[in-house]
Amino acid sequence: QVQLVESGGGLVQAGGSQRLSCAASGRTFTSHHMAWFRQAPGKEREFVAGISSDGDGTYYTDSVKGRFTISRDNAKNTVYLQMTSLKPEDTAVYYCNAVPWYGSRFSEYDYWGQGTQVTVSS
């Protein structure tokens, strides 16, 4: 089981950048493929970006391709989401979670961390 703590959110102007972090605890972190999800007000949580357990493979939802980059540092048990060219529609609470296989857009676990709020002003 992996415990997750997201951080790095805040208020940013459209066109700006922000980096989110997800600190994971648990000995099995390096064996998990990981992903970022987000939930905007009044909408369901959606997949944003995923990364393989070794960090060599990444995949994204179409709306963030070319703007967001997911990475991980297994020595620090941390997953990152570098966001650039932010748009107001990126405003959401961002969460990380494991995914059951590489390429999956669904979370492996039903429990979630507290998330981190990203607000993009126009």
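Here the accessible area is traced with a 1.4 Å probe on the protein chains. For the chain, carbon and sulfur cover 47 percent of it.
Dipole of the chain computed with +1 at Lys/Arg Cβ and -1 at Asp/Glu Cβ about the Cα centre; of Ser7, Ser104, Ala40, farthest Cα towards the positive end is Ser7.
Assign one of three labels to segment 17-66, namely rounded, prolate or oblate, based on the Cα gyration tensor with a ≥ b ≥ c the square roots of its eigenvalues; rounded applies when a/c is under 1.5, prolate when it is not and a/b is larger than b/c, and oblate otherwise. Don't skip to the answer; put the middle values down first.
On the way: a/c = 2.01, a/b = 1.50, b/c = 1.34.
Prolate is the answer for segment 17-66, as a/c is 1.5 or above and a/b outweighs b/c.
Each residue of segment 76-84 was assigned a 3J(HN,Hα) from its phi angle through the Karplus curve 6.51 cos²θ - 1.76 cosθ + 1.60 (θ = phi - 60°); the sequence is 9, 6, 9, 10, 10, 9, 8, 10, 10 Hz, with glycine and proline shown as x. Take every pair of alpha-carbon atoms less than 8 Å apart whose residues are at least six positions apart; their mean separation over the length of segment 1-42 yields a relative contact order of 42 percent.
Against the 2.2 N^0.38 Å scaling, with N counting residues, where does segment 80-122 land? I'd like the Cα-based Rg ratio to two decimal places.
Details: Rg = 12.5 Å, N = 43, 2.2 N^0.38 = 9.2 Å.
So segment 80-122 has a normalised radius of gyration of 1.36.
P(r) tail, segment 33-91: Cα-Cα pairs separated by more than 12 Å, 67% of all pairs. Phi angles of segment 7-14 translate, via the Karplus equation with coefficients 6.51, -1.76, 1.60 and θ = phi - 60°, into HN-Hα couplings of 7, x, x, x, 9, 9, 7, 3 Hz per residue; Gly and Pro are given as x. When both segment 60-95 and segment 1-28 are represented by their alpha-carbon centers, they are found 9 Å apart.
Magnitude of the charge dipole for the chain, about its Cα centre and with charges confined to Cβ atoms of Lys, Arg (+1) and Asp, Glu (-1), is about 180 debye. Taken per residue, the accessible surface of the chain reaches 50 Å², heavy atoms only and a 1.4 Å probe. Label-to-label distance, Thr84 versus Lys43, with points set 7 angstrom from Cα along the beta-carbon direction: 2.3 nm.
The values are calculated or read from the model by the stated rules, or taken from the named source; none is laboratory data. Values in this document were obtained by computation on a predicted structure and should not be read as measured data. Cβ: placed from backbone, ideal geometry, glycine included. Neighbour counts: every protein chain shown. Note: accessible area is taken over every heavy atom of the protein model, side chains too, but ligands, DNA and RNA are not part of it. Shrake-Rupley method; radii C 1.70, N 1.55, O 1.52, S 1.80 Å.
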